[in-house]
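The values are calculated or read from the model by the stated rules, or taken from the named source; none is laboratory data. Bear in mind the structure is a predicted one, so any value in this text is a computation, not a measurement. Cβ coordinates were reconstructed from backbone atoms using ideal geometry, including for glycine residues, and neighbour counts include every protein chain displayed.
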Amino acid sequence: MQSWLSILLLFALGLGFGAFTVVISQFLGPRAVTPEKQAPYECGVPPVGDARERQSVKFYLVAMVFLLFDIEVAFLYPWAMALRDLGWTGFFQIVTFMAILLAGYVYIWRKGVLDWGPAEARARMAARAARVADGSRTAA
């Protein structure tokens with residue numbers, strides 16, 4: 001029962017601290033409303049355009065790749081902590097895991113997911129068009 005009491009106390013302290021800071025800011029905080037304070041904050045950059053404009057697919061691809069490779073660390077940390085207990089079996093398992101990740105990284109690199117600039121996209125599209133043109137010449 002003692003462990004549950006500690007958790008309950010920690011939860012109550014966290015909730016109390018959050019409520020206290022919100023209430024005290026109402027009394028001590030400035031009340032002047034200005035257009036700058038009402039504007040959405042975008043990392044110090046003045047907002048331009050509509051918030052509902054379309055984003056490039058590359059943005060989402062890079063975000064997904066980041067998440068995938070970031071989750072890799074969640075698997076590497078417990079492995080590193082249990083390295084001595086796992087022995088050679090664990091070593092070969094993590095080498096296989098890293099080989100699969102490396103293959104995925106090479107795949108996304110070759111597909112051009114990591115190319116951000118328009119020059120790279122134009123060069124990639126020109127190379128693809130040249131391959132298609134060479135393929136149609138050999139087929140004829």
Give, as residue ranges, the helices (runs of 4 or more DSSP H) completely inside the stretch 10-118 that count at least 3 residues that are touching a residue at least 40 places away in the same chain (Cβ under 8 Å). 57-81
Could you run through the stretch 27-58 and say how many residues are surrounded by 10 or more Cβ atoms within 10 Å (Cβ to Cβ) and within 24 Å of the chain's Cα centre (by Cα)? 3
Just for the stretch 94-140: of the residues that are of a type in the set (Ser, Thr, Tyr) and modelled with pLDDT of 80 or more, which one is surrounded by the most Cβ atoms within 10 Å (Cβ to Cβ)? Tyr105
